[in-house]
Amino acid sequence: MPTDLPDGASTSAPAAPVEFRDDVTVELIKHSASDTDVLWAARVSTAGEQSLDELSKDPERSKGLINYLMRDRHGSPFEHNSMTFFISAPIFVFREFMRHRVGWSYNEESGRYRELQPVFYVPGPDRKLVQQGRPGKYEFVHGTPEQHKQAVAAMEESYAQSYAAYQAMLADGIAREVARATLPVGLFSSMYATCNARSLMHFLGLRTQHEMAKVPSFPQREIEMVGERMEAAWAGLMPLTHAAFNGNGRVAP
């Protein structure tokens, strides 16, 4: 839902309209990941080197081995694979995301080297807005239509003003790395994130809620949206591993 910038933006070139989004983008860019990778890594410890064809001859045995590895938390066989995702999400999601460091590599767009585009996050109508309860024992519930309208209006006004200030500073010759300080964490950024199945399972165990999880998690909804899309792509690549993850309480090995 674009809107025009308020007065104060650069007049040297037409300003891009401010765009507001309530979703995220997750795309699997490249991968080398399959259940066979897990089997190959696990069986070298007992059978030595094996061909990939040999590994696929007994599906039930393969399924059983992956489930055993997951259940007894033999984690290293799940590291011999790679997935690279393109992710576009608000900056506050990335700040949470980068708490996950083991088994992850990140490259994010830089506000020092390029002009940042006016795309900002607003909560969708289904986003729970109200926190109830004391710290450590609270829940989020749906707000009223009036609260949602108030939140969106306040965000949109603030975003438009901050981006106008950013544009004005750039027009006055102020460096991008300085001018970007006026922009809020609701600004969308983009990055490549590369992980393996084990590191992704650790991420999903913390950043998604699921009825099959042994350990409850309480993720912020926006990072959960990213996690759900990553999980859907991974499940298609490694269905036996994904099923074992769910079947063993979504506890990463």
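Readers should treat all values here as calculations from the given coordinates under stated rules, not as data from a laboratory. Keep in mind that what you see is a predicted model, and the values were worked out from it rather than measured. Every residue, glycine as well, gets a Cβ built from its backbone with ideal geometry; the counts of neighbours run over all protein chains shown.
Report the full-extension gain for the segment Gln117 to Tyr192: residue separation times 0.36 nm, less the Cα-Cα distance, to one decimal in nm. Each step should come with its number before you reach the end.
On the way: separation 75, 0.36 × 75 = 27.00 nm, distance 1.76 nm.
Length difference between fully extended and current span is 25.2 nm.
If one puts a single equal scatterer on every Cα of region 116-234 and applies the Debye formula without solvent, what log₁₀ I(q)/I(0) results at q = 0.17, 0.18, 0.19, 0.23 Å⁻¹?
-1.04, -1.08, -1.12, -1.24
Region 195-247 to region 99-157: how many Å between their Cα centroids?
20 Å
Measuring from label point to label point, each 7 Å out along Cα→Cβ, what is the Glu156 to His74 span in nm?
In this crude spin-label approximation the distance works out to 5.7 nm.
Per residue of region 178-189, what does 6.51 cos²θ - 1.76 cosθ + 1.60 with θ = phi - 60° give for ³J(HN,Hα)? Whole Hz please, x for Gly and Pro, Karplus curve as stated.
Coupling constants for region 178-189: 8, 4, 5, 4, 7, 7, x, 6, x, 5, 6, 10 Hz.
At 0.36 nm per residue, minus the direct Cα-Cα distance, what do Arg134 and Gln147 gain on full extension? Give it in nm, one decimal, please.
Working it through step by step, the gained length comes to 2.6 nm.
Take the Cβ-Cβ distance between Gln209 and Ala175 as r, set R0 to 35 Å, and report the resulting FRET efficiency rounded to the nearest 0.05.
Working: r = 42 Å, r/R0 = 1.20.
Once the sixth-power term is evaluated, E becomes 0.25.
In µm²/s, what is D for region 19-247 at 20 °C and 1.002 mPa s, where D = kT/(6 pi eta Rh) by Stokes-Einstein and Rh is the Kirkwood radius from Cα pairs?
Calculated translational D: 106 µm²/s.
Quick one: helix 35-47 against the long Cα principal axis of the chain, what's the angle to the nearest 10°, folded into 0 to 90?
40 degrees
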